[in-house]
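S.K.: One structure follows; several queries about it will come next.
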Amino acid sequence: MDIPKQYDPKEAEQHHYERWERSGFFAPEINKDPAAEVFSIVIPPPNVTGSLHMGHALQHTLMDVMTRHKRMCGYRTLWLPGMDHAGISTQLMVSRALKEEGKSRHDLGREKFVERVWQWKAESGGQITVQMRREGASVDWSREKFTMDEDLSRAVYEVFVRLYEEGMIYRGNRIVNWCPHDQTVLSDLEVEKLPQSGKLYYLQYPIKNSERHVTVATTRPETMLGDTAVAVSPTDDRYRDLVGETVLLPLTNREIPIIADEYVDPEFGTGAVKVTPAHDPNDYEMGLRHSLPEVVVIDLYAKMTADAGADFAGLDRYKAREKVVADFESLGLLEKVVDYEFSISKCERCKTVIEPLISLQWFMKMDQVRDLALDLLAREHKPRFVPETYEKIYTNWLENLRDWTISRQLWWGHQIPAWYTPDGQVVVARSEEEAREKAGTSELTRDPDVLDTWFSSALWPFSTLGWPNETDDLKTFYPTSVLVTARDIIFLWVSRMVMSGMKFMGKEPFADVYVTGTVLDSQGQRMSKTKRNGIDPLEVFDKYGVDATRLTLAQIGSTDTRWNEKQVESYRNFANKIWNAARFCLLNSDGAEVKPETLDNASALQDRWIVSRLNKTARDLNAAINAYEFHQAVQLLYHFFWDDFCDWYIELSKSDVTAEQESAARTEARTRLLTVLEQALRLLHPFMPYITEELWQRLPGEKHLHSAYAGAEPTVMLTAFPAGNANLIDEAAESEMQAIIELISRVRNIRSEMNIKPSERIPVIVAASDENLRRVFSSAREQISRLVRASEISVNGQVEAPRASARAVLTGGAEVAIPLEGLIDFEQERRRLQREQEKLQAEAKKLEAQLENPNFVSRAPAERVNEVRARIAEIAQQSAQLQQTVENLQ
RNA sequence: AGGCACGUACGUCAAUGGUAGACGGCUUCCCUUACAAGGAAGAGGUUGGGGGUUCGAGUCCCUCCGUGCCUACCA
C-alpha cells in the first residue's frame, strides 16, 4: 500500500464532495427510519452578489458540524441552502455594469432591466454556492431556494395581502431616510451613524416689531430656508416672553412663530431651536404636535427646490449651505461658527449622506407582531439565545420597535402588489387578475415600488418549506432546530423571522439562536472590504486545508477572536498527525480489518484503557456539541487523538502490532487498532469531513453504517456517531494506565535532568507496596521498558537500589530508582529532590490552612473536605518517602 | 448620553464558586523504522487596580482604569 508521508488536503478535497452530493447523502430522504427524530436548519441566505468571507465560513462550519453530528446520530436532517436577492446591492451591481456600456437602467426600462438582472444572476450570481461546496457544507442542494423564486414570491404577496387586509400595512406620508444617490428610501437599520467633525453655526433671527433677535444653532444652515418655527423649552425663563412672538425668517419673506416644546433642551446651544419639519425627523414630530406647515426646500437629488427661493433653487445642498452662511454674514446675522463633533447618517451601502425627507411610502405596523414575539419569550422562553446575553439586546430592541418602512424605490425586488384605479383608489391583491376583479376595472396602474429585501427574508424559515401550502416539508421541518447567525442581523433578520413565524405559523421559527463571534484581524479590527483587512477563507483553505480551517473556526464559536494563522497551522499539523497515525495502522494491517465487536471484550490493560477513553470522549463530545460548546469539543478531539491514541495507545501496542511473525495475537492487536481508529474517524468527521472520509475509505473490513442509512453507499458520514457507552468506561483501567504513564514520565524526567543520552539504556528499579500496582507494572514491563529505553526492569515490594541512584516517588506509594553509578552528582540529585519536597510542602500548607479553618470543615460540602484530607495524606506519604530518599543519599 | 460585553502566560484563547489550563512561541536534548508538519523533558501567572460577599472568588457585587460593540432625537 502506498501512502504518502504528508497529508495533501487538496487531494482529499477533490472528489468526496461531489460523490456525497451526487449520492443524495445531504438530503433528508437518505434516512429510511420512519421514526427518526428531525433536525433542521435554514441557512442565513447570503446575498446573491456575495462571495465567501470569514463570517460565512465560521457560521457554515458550525452549522455543518451540527448537521453532520445529528445525521450520524440517526436524525432526519435538513440543512436548507439558498440566497437572498439583495435588492439594493444587486441593482447597484448591475447598474454599474450598465454604466460601463454607457447606459443607465432608465435607458433599458424596468422590464428589460429586471431581465438583465436575472441574466446576471444566471451568469455570475451565486459564486458563494461553489465556495460552500469547497467548505464541505452538507446542505441539501435539491432544496436550494432564492428569495425571488416564484414560490417564495407567492409567500411574500400572500403575507402582504393578509397584513394589508388586517390594517397592519398602510401607505402614508412620513419623514423617511432618503438616499439621494440610490434614489430610495431606507429603513432605520440600513442607515449607519458615523462621527463627523463639522461646524455649529449660530444664526440670528430678528423678531418682528422688536429690536431683539433670537439665536439658533444648527449644523445644517441650508435647512433654515424651510424653517416654519423656532422652538424653546417651556421651562426656559430666558425666552418665556418670546413664546407666541413672530420671527422674520431671513433670506425668505416668511414669518414664523416662536413655540414652546418639551423636546427642546435649554442646556444645549442657545436653548432655541430652528424647526424644519420637512427635513428633520424630530422637527417633523414637533411640526405634527404644533400643526406647523412643511416647507420642502430639498428635493430627491439633494438639490434645493423652488420653495427655497429663487436665489437657491437648483443649488446642491452643500453649495446652498455656503451661500446661506455667506448671506447671513453679509446681513450681520451670523453670530459665530464653532467646531463641532456630531454624528451623521449615511447610507450603509453607498455612504452618501442621508437626507430626511417627507415622502409617500408603505409602512408596516409592528405592535401586534412585536407582542407575539415578546409573549413567546415570556411564556416559553423562546427562542433561547446562546450566549444568553443576546436575549436582553433582542428584548430591548423589540420593546422600542417603531413602524417599519417597507417600500423601496428600486426595480429589483418584489414589486408591491398594490394597484391604483384612475380615480386614485388603492387595490391590494395577490395578482393583477385578482386586482382587476376587486377593482372592477382593468385600468389599473401598479405601484412601482418594491419591498425591502428583509421583508422576504423574514419569511425564510417557512417560505422555503412551501408555505402557504401545507407541504410535507413544512410539517416535518418547521419549526427548525437552531438558527446560526452573526450578531449584526439580530434585529434586521432574526427578530423579524420570529415575528412573522408567530404571525403566520403560530409557532416559533427556531428553538435556539446561536450567535457566532466575530473574526477580527490581527489588530483587533473588524474585517471589512473598505479597510481591505479581510482574510479570504479560500486562501486559507488552499494553504492549510479545509479541515484545519474548520477546526480553527469551530473553536472560535461565539467569542470575538483575532485571526491567528498559527492556530490554523497547528490544526494542519493535527491533520497530518491523523494522516500518519492512520498510515501506521494501515501499513500494519495485513490480515486484520475493522471489527467493532472487538472493542466490547478487550482484556489487556491498554485495550480496556483506550476503549474507556474512547467512550468517555464520545460521551463528552456529544454533550459538548449539543450544548454548543464547540471549543470544548475541539479540545476533546485533539487530546483524545493526539495524546491518548497516538502518544500512548499506538506506542503501547506497537510491539504487538509490528511483530514480524504472524500470530493470532498480532492480528488481534491490529484489528483493535484499526477498529479504534475507525471509531476515532467517526468522532472527528463532523469537524474534519475530508480527511476522515479519505482515510475511512481506505480502512479494510466491512464497516457498518447507521441502521437508518442501511443500503446506502459506504461513507463515514452515514456511520453511527459513537454514543459513549457508559459500560465501557473503565475507571480502574484509567487509573492503572495513569500509574504507568506517571512511571514512564518520571523516568524520562530523570533521564532528561541527568543528561542521559537517549541512546543509552538504563536499568530501572520499580517498587510498590501495593500488590495490584506491582501486578500492573509487571505486566506492562515490556512496554515500559521500550518507552523509557531501559536495559532491564525489576518490580519489587521494596526498593533495593544502590546508593548512587536517582529516585522518584510515585502516586500510591510506589517508587522508582535508576542506578547511576559514576553518572550521578549527589549534590545535584539532592537539590532535585529538595525542589520536589518544596513543591509538595507548598501544596500541603495551602490545604492544611483550609482544614484549620473550622468554617471550612463545617460549611463546605463533606465530599470536598474529604478530598482535601485524602490529598494531604497522599502528600504526607510521598513527602516521607522523599525524605527517606534524601537521607539515603547522605 | 445610555446600554451590553470584555480585560487571564510572550501571542491567540479555555476554565458549572472548589489545587488557574490548551495550542502556538521559547529553552534543552533527539533525524528512536507512522509522522521533524515529529518525539522527550522544561521554563513561564499576585487572573487590569482597589474594595466587598463567601469556608473558599478568574468566576458573584461595588468602584476605578483600559478596550470593543450596540442603541439614541441633543439642534
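S.K.: Kindly provide the helix-only [θ] at 222 nm of chain A, computed as the sum of -39,500 (n - 2.57) over DSSP H runs of four or more divided by all residues, to the nearest 500 deg cm²/dmol?
M.R.: When only DSSP H runs of four or more count, the value is -13500 deg cm²/dmol.
S.K.: Would you grab the residues whose amide H sits under 5 Å from the one on residue A:558? Only those 5+ places off in sequence or on another chain, please, with H modelled 1.01 Å from N.
M.R.: Those lying under 5 Å, H to H, from residue A:558 are A:517.
S.K.: Pull out the extension gain between residue A:601 and residue A:8, defined as 0.36 nm times the separation in residues minus the alpha carbon to alpha carbon distance; nm, one decimal.
M.R.: Working: separation 593, 0.36 × 593 = 213.48 nm, distance 3.62 nm.
Stretched fully, the residue A:601-residue A:8 segment lengthens by 209.9 nm.
S.K.: Taking θ = phi - 60°, what integer Hz values does the Karplus form 6.51 cos²θ - 1.76 cosθ + 1.60 yield along segment A:531-544, in sequence order, with x for Gly and Pro?
M.R.: Taking θ as phi minus 60°, the curve returns 7, 6, 10, x, 9, 7, x, 5, 5, 5, 4, 4, 7, 10 Hz for segment A:531-544.
S.K.: Here is a further query. Could you let me know the centre-to-centre spacing of segment A:561-575 and segment A:57-134, using Cα atoms, in angstrom?
M.R.: 30
S.K.: If you don't mind, another one. Given 0.36 nm per residue, what is the gain on full extension from residue A:115 to residue A:426 after removing their alpha carbon distance, in nm? If you can, show how the numbers build up before the last one.
M.R.: Values: separation 311, 0.36 × 311 = 111.96 nm, distance 2.75 nm.
Additional length available on full extension: 109.2 nm.
S.K.: Just to be sure I understand: if I project the alpha-carbon convex hull of segment A:468-534 onto a plane and average over all orientations, what area do I get in nm²?
M.R.: Projected area, direction-averaged: 6.1 nm².
S.K.: Here's a follow-up. How many nm is it between the label spots at residue A:835 and residue A:590, if each spot is 7 Å from the Cα in line with the beta carbon?
M.R.: Placing both labels 7 Å along Cα→Cβ, they lie 4.7 nm apart.
S.K.: Averaged over all directions, how much area does the convex hull of the C-alpha atoms of segment A:235-370 cover when projected, in nm²?
M.R.: Computing the convex hull of the Cα atoms and averaging its projections yields 11.5 nm².
S.K.: Have a look at the DSSP beta bridges in chain A and tell me what percent are antiparallel, nearest 5.
M.R.: Roughly 70 percent of the beta bridges in chain A run antiparallel, per DSSP.
S.K.: Give the distance, in whole Å, between the Cα centre of segment A:460-530 and the Cα centre of segment A:383-436.
M.R.: 17
S.K.: Another question, if that's okay. Please turn the phi angles of segment A:592-609 into ³J(HN,Hα) values with the Karplus equation 6.51 cos²θ - 1.76 cosθ + 1.60 (θ = phi - 60°), one per residue in order, whole Hz, x for glycine and proline.
M.R.: 10, 7, 5, 9, x, 5, 5, 8, 7, 10, 5, 10, 5, 4, 5, 6, 4, 5
S.K.: Over all Cα pairs of segment A:159-231, how is the pair count split among 5 Å bins, expressed in % and running from 0 up to the last occupied bin?
M.R.: 3, 10, 11, 14, 16, 13, 9, 9, 8, 4, 2, 1, 0
S.K.: Testing the spin-label approximation: label points 7 Å from Cα along Cα→Cβ at residue A:200 and residue A:402. State their distance in nm.
M.R.: 2.3
S.K.: Could you work out how far apart the two model spin labels at residue A:267 and residue A:193 are, taking each label as a point 7 Å from the Cα in the direction of the beta carbon, and quote it in nm?
M.R.: About 1.7 nm separates the two model spin labels.
S.K.: At a 10 angstrom cut-off on C-beta neighbours, averaged per residue, how do the peptides A:149-157, A:498-506 rank from highest to lowest?
M.R.: Put in order of decreasing packing, that is A:498-506, A:149-157.
S.K.: Enumerate the calculated ³J(HN,Hα) couplings along segment A:405-421 in order (Karplus 6.51 cos²θ - 1.76 cosθ + 1.60, θ = phi - 60°), each rounded to whole Hz, writing x wherever the residue is Gly or Pro.
M.R.: 7, 9, 8, 9, 8, 10, 9, 9, x, 7, 5, 4, x, 10, 10, 10, 7
S.K.: I would also like to ask the following. According to the Kirkwood expression over distinct Cα-Cα pairs, how big is the hydrodynamic radius of segment A:741-780, in Å?
M.R.: Taking every pair of different Cα atoms in segment A:741-780, averaging 1/r and inverting gives 11.4 Å.
S.K.: Right, another one. Expressed in whole Å with the largest first, what are the equivalent ellipsoid semi-axes of chain A derived from the C-alpha gyration tensor as the square root of 5 times each eigenvalue?
M.R.: Those come to 70, 36, 24 Å.
S.K.: Something else: Checking a compactness column here: for segment A:237-295, what do you get for Rg(Cα) / (2.2 N^0.38 Å), N being the number of residues?
M.R.: That works out to 1.11 for segment A:237-295.
S.K.: Another question, then. Taking a temperature of 25 °C and a viscosity of 0.890 mPa s, what whole-number D in µm²/s does Stokes-Einstein yield for segment A:85-217 with Rh from Kirkwood over alpha carbon pairs?
M.R.: Approximately 120 µm²/s, per Stokes-Einstein.
S.K.: Next question, about the same structure. When the expected Rg is taken as 2.2 N^0.38 Å, what fraction or multiple of it is the alpha-carbon Rg of segment A:705-777?
M.R.: Here the Cα radius of gyration is 1.91 times the empirical estimate.
S.K.: Please give the contour-minus-distance gain from residue A:779 to residue A:852: 0.36 nm per residue of separation, less the Cα-Cα distance, rounded to one decimal in nm.
M.R.: Gain on extension, residue A:779 to residue A:852, equals 22.0 nm.
S.K.: Kindly sort A:433, A:135 by accessible area of their heavy atoms, largest first, with the probe set to 1.4 Å.
M.R.: A:433, A:135
S.K.: What number, in percent, do you get for the relative contact order of segment A:1-86 if the mean sequence gap of Cα pairs under 8 Å and at least 6 apart is divided by its residue count? Don't skip to the end; give the middle numbers.
M.R.: Working: 66 pairs, mean separation 35.7, N = 86.
Over segment A:1-86, the number comes to 42 percent.
S.K.: Can you list residues whose amide H is under 5 Å from residue A:344's amide H, if they're 5+ apart or on another chain and H is modeled 1.01 Å from N?
M.R.: Hits under the 5 Å cutoff: A:194, A:196.
S.K.: Moving on to the next point. Taking H as built 1.01 Å from N, whose amide H comes closer than 5 Å to the amide H of residue A:79, not counting residues under 5 places away?
M.R.: Distant-sequence amide H within range of residue A:79: A:41, A:140.
S.K.: Which entries in the list A:112/A:529; A:616/A:846; A:5/A:616; A:70/A:616; A:121/A:193; A:32/A:703 go over 22 Å, if you measure between the two C-alpha atoms of each?
M.R.: Correct reply: A:112/A:529; A:616/A:846; A:5/A:616; A:121/A:193.
S.K.: Report the relative contact order of chain A, percent, no decimals, based on alpha-carbon pairs under 8 angstrom and at least 6 residues apart.
M.R.: Taking the mean separation of contacting Cα pairs over the length of chain A, I get 12 percent.
S.K.: Let me ask something additional. If the convex hull of the alpha-carbon atoms of segment A:639-771 is projected onto planes in all directions, what is the mean projected area in square nanometres? Kindly include the intermediate steps, with their values, before the conclusion.
M.R.: Working: hull surface 48.8 nm².
If I average the Cα hull's projected area over directions, I get 12.2 nm².
The values are calculated or read from the model by the stated rules, or taken from the named source; none is laboratory data. Since this is a predicted model, take the numbers as computed values, not measurements. As a convention, Cβ positions derive from the backbone with ideal geometry for all residues, glycine included, and neighbour counts pool all protein chains shown. We work out accessible area using only protein heavy atoms, side chains counted, and drop any ligands, DNA or RNA first. Shrake-Rupley method; radii C 1.70, N 1.55, O 1.52, S 1.80 Å.
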